[in-house]
2 protein chains.
Amino acid sequence: MSTATDYKFEGWGAFDKNSIKGELKWFEYEPKHWQETDVDIKIKYCGICASDLHTMSAGWGEADWPQVVGHELVGEAVRVGSEVKHVKVGDMVGVGAQCDSCGKCPEACEKNREQYCTEMVGTYNGKFNKGEAKGDKSYGGYANYNRSPGKFVFKIPDGLDPALAAPMLCGGATLYNPLTLYGAGTTAKDVGIVGIGGLGHFGLLFAKALGANVTAISHSESKKADAEKMGATRFIATHGGGEDDFKPYARSLDLIICTSNDENMPLSGYLSLLRPGGNFILVGAPEKALPPINPFQLIPTHVSVGGTMIGSPEQINDMLELAAKQKIHPWIIKRPMKEVNQAVPDMHAGKARYRYVLVNEENGGKL
Amino acid sequence: MSTATDYKFEGWGAFDKNSIKGELKWFEYEPKHWQETDVDIKIKYCGICASDLHTMSAGWGEADWPQVVGHELVGEAVRVGSEVKHVKVGDMVGVGAQCDSCGKCPEACEKNREQYCTEMVGTYNGKFNKGEAKGDKSYGGYANYNRSPGKFVFKIPDGLDPALAAPMLCGGATLYNPLTLYGAGTTAKDVGIVGIGGLGHFGLLFAKALGANVTAISHSESKKADAEKMGATRFIATHGGGEDDFKPYARSLDLIICTSNDENMPLSGYLSLLRPGGNFILVGAPEKALPPINPFQLIPTHVSVGGTMIGSPEQINDMLELAAKQKIHPWIIKRPMKEVNQAVPDMHAGKARYRYVLVNEENGGKL
């Protein structure tokens, strides 16, 4: 049991897969055991991420109900463990999709890519592994308070609106990570973003901020005007996804980040857009296998198909700095957190342009 | 018509797909038009490559018959065009799988990766594109003479046995290229080679020479002793290819080069061997699609599946230097070129341990 708090942990509970329909219920829950590496956060904002929907609908498998989803949370640090040095009480801080890792594995934690640690703990639907907290569930940001290990608590830079920072913590990082890793704006001058949704819009914003020439790739022209406002200088509508839809653009990109969940995506067409040495990086996760890949789409063209997941703490800090410096402005729509049961079905229906951010007005969040 | 030669171009012709059975016929053919960028080579040695078999059997489609296959040829430069500066008459030289490219495209030729040029000309079964030679067929190394553009003619370093150099020009380069490109021995300390055949054995030799810890990966233990002699310090027999066959070795490799042609390869098992950030690079070419890839094999592990093809002139020169310096000794079996109609079926039957090299004794090649 945590001590030294005058607040209770309450949030919007998902008790079964009907929660996706807007059947979340406010309830009180037990946070993880307090450890001196932790930070308690009074939540002001929380983005709605597609992962939240996959969890609420049990699309990625049954969750360990009840859940409090939400992993793009921002608020005020109200309690800071004695071993946390980079945050102090009163700071505006945030947590993304990951809240813990083993901290010592050579292949992930020691290489500053903690998100690939085999003991990675999600900000919700996870279980902590260490010390007194071992076995404790993690609960996310559709709530009034959050408790997370300080290593995964980020200080929001001055000059970055906390409401705008929130959806960057998962959605933004998911795009910023592969863009910087694969050299957007440096070795990869020409960058394509597949899918102009919550994730894709971050792709356009960050690819432009990093100095790349940005191509938006979408099924139809419907989001062309928006994509251009976000930084795209070229727009490819793939229509039926046939060879002719791609041919005029063959070998014109160095890097493609794919945010599509469509298991019937025209993958071979996308690959034909890459120059030799090009990378096609998946960040969206279709629930089934990818369309078949013929080796002749990889070998004589020297093209790779890979994937990356969210961002590491180092990458998230770098992203927040860049966003503050360049005044990057995600396209968000604020929704009162108390109306989450309307916001979730709206998100599920694809109405977000391009990211919903829940506002906890009781905690001082501003609509 | 070429001039200033006192030799005729003759070789072992493949006239249809029965040639794979050992029905090659010696015949005279017209080489490409002579250009001052060309070199004529009196062939002493020529490796037998799997590509030769795919062409002779029409497995990659009907060839432009007749063909003279062979793209691992080494011999004496007997005529050197006035525009060729790095080779002189009398030099020991070789040609690999590529003999021409456009020379000016920004995405391939200007980046020293000429093998991905859209105007890449194969050493056989190709057509030249430039000047007077436009439309001329390319003919390979199962022959007495070869004429190739000098850019793709490599000087064999002193101290490297020409018979050993021959199979490096395609087979060796095919492994050397991804090994160096993906950091074998530097950023990729632990390297796996799938398939211990003609290509795979080069993988083991070069990965070791580059300073990597080398793992050989094969269906069974049958080639374990050989693989260890070639430099493998660990051997994984994948047996049925089930999860349990791979589990003990999970996340233990940084780079895997796959030489397998098996369209039923246990791809998801192979991918499970990679650490986050790892690359799985295809150099063998199954004739069908790869086994299905689930995005969850790429995203939460940050693993890529890619391909590379042969090597660029720059890479081939570097490889030959390394081979000479480190006295790398491929495992070859010499076969008289005049007995090619026995050697080809033997190769097709998988008898080569690990590469056949045809010896043109009439031209001074030594058995």
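Some points to look at:
- Here, the protein assembly as shown yields an orientationally averaged convex hull projection of 32.3 nm² when only Cα atoms define the hull.
- Whole-angstrom Cα spans of segment A:265-367 along principal axes, big to small: 58, 34, 20
- Distance from the Cα centroid of segment B:59-92 to that of segment B:166-181 is 18 Å (rounded to whole angstrom).
- For residues of B:198-206, the mean tally of beta carbons on other chains within 10 Å: 0
- Among beta bridges that DSSP assigns inside chain A, antiparallel share in %, nearest 5: 55 percent
- Across all Cα atoms of segment B:1-126, the radius of gyration (one decimal) and Dmax (whole number) stand at 15.4, 42 Å.
- Max mean-square fluctuation residue, GNM over chain A, Cα-Cα springs under 10 Å, options A:K351, A:K32, A:K42: A:K351
- Space enclosed by the convex hull of the alpha-carbon atoms of chain B, per residue, Å³: 130 Å³
- Residues listed by number, segment B:214-243, amide nitrogen under 15 Å from B:R353 label point at 7 Å toward C-beta: B:221-230
- Computed with every protein chain present, the accessible area of B:W34 is close to 30 Å² [probe 1.4 Å].
- The residues packed around B:N294, meaning those with a beta-carbon under 14 Å from its beta-carbon, carry a net charge of -2 if Lys and Arg are +1 and Asp and Glu are -1.
- Interface A-B: total buried accessible area of about 3000 Å², 1.4 Å probe, protein heavy atoms only.
- Carbon and sulfur %, accessible surface of segment A:1-56 computed with the full protein complex present, 1.4 Å: 51 percent
- Rounded percent of accessible protein surface that carbon and sulfur make up, segment B:172-307, 1.4 Å probe: 48 percent
- Projecting the Cα positions of B:A133, B:N144, B:G159 onto the charge dipole of segment B:113-181 (unit charges on Cβ atoms of Lys, Arg, Asp and Glu, taken about the Cα centre) puts B:A133 furthest along the positive direction.
- Heavy atoms of A:R353 accessible to a 1.4 Å probe, total area in Å² rounded to 10: 100 Å²
- Checking every one of the GluC sites (Glu not before Pro) in segment B:1-46 against DSSP loop status and a limit of 14 other Cβ atoms within 10 Å picks out B:E36.
- Taking every alpha-carbon pair under 8 Å whose residues sit at least 6 apart, segment B:41-192 reaches a relative contact order of 28 percent.
- A simple charge model with +1 on the Cβ of Lys and Arg, -1 on the Cβ of Asp and Glu and nothing else charged puts the dipole of segment B:172-307 at about 360 debye relative to its Cα centre.
- All other residues whose Cβ lies under 15 angstrom from that of A:K130 are scored, Lys and Arg at +1 and Asp and Glu at -1, for a net of -1.
- Cα shape, segment B:172-307, gyration tensor, a/c 1.5 rule: rounded
- Solvent-accessible area lost in complex, 10 Å² minimum, residues of segment A:91-118 relative to chain alone, 1.4 Å: A:E107, A:K111, A:R113, A:Y116, A:T118
- Per residue accessible area of chain B, 1.4 Å probe, in Å²: 37 Å²
- Whole-Hz couplings from phi, Karplus 6.51/-1.76/1.60, listed for segment A:269-278; x for Gly and Pro: x, 4, 4, 5, 7, 8, 6, x, x, x
- Net charge in the neighbourhood of B:V93 (other residues with Cβ under 9 Å of its Cβ; Lys, Arg +1, Asp, Glu -1) is -1.
- Normalised by the number of residues in segment A:172-307, the average gap of Cα pairs under 8 Å and 6 or more apart makes the relative contact order 21 percent.
- Using a 7 Å Cα-to-Cβ projection, A:E110 label spacings across copies, nm, ascending: 4.3
- Extension gain (nm, one decimal) between B:S82 and B:K8, 0.36 nm per residue minus Cα-Cα: 24.5 nm
- For B:P248, inter-copy label distances in nm, listed shortest first [label point 7 Å out on the Cα-Cβ vector]: 5.8
- Spin-label model, A:D262/A:E243: points 7 Å from Cα along the beta carbon direction are separated by 2.0 nm.
- Length-normalised contact order for chain A - Cα pairs under 8 Å, 6+ apart - percent: 18 percent
- Pairs exceeding a 18 Å alpha-carbon distance, out of A:K223/A:K351; B:K327/B:K351; A:K42/A:K155: B:K327/B:K351.
- Considering only the protein assembly as shown, percent of DSSP beta bridges that pair antiparallel, nearest 5: 55 percent
- Cα centroid separation, segment A:266-309 to segment A:116-148: 33 Å.
- With eigenvalues of the C-alpha gyration tensor scaled by 5 and rooted, segment B:109-265, Å: 34, 17, 16
- Solvent-accessible surface (1.4 angstrom probe) belonging to B:Y354, in square angstrom, nearest 10: 10 Å²
The values are calculated or read from the model by the stated rules, or taken from the named source; none is laboratory data. As the structure is a computational prediction, the values presented were derived from the model and not from experiment. Glycine gets a Cβ as well: all are built from the backbone with ideal geometry, and neighbour counts include every protein chain shown. The protein model used for the area step is the full one, side chains on, heavy atoms only, and it has no ligands, DNA or RNA in it. Shrake-Rupley method; radii C 1.70, N 1.55, O 1.52, S 1.80 Å.
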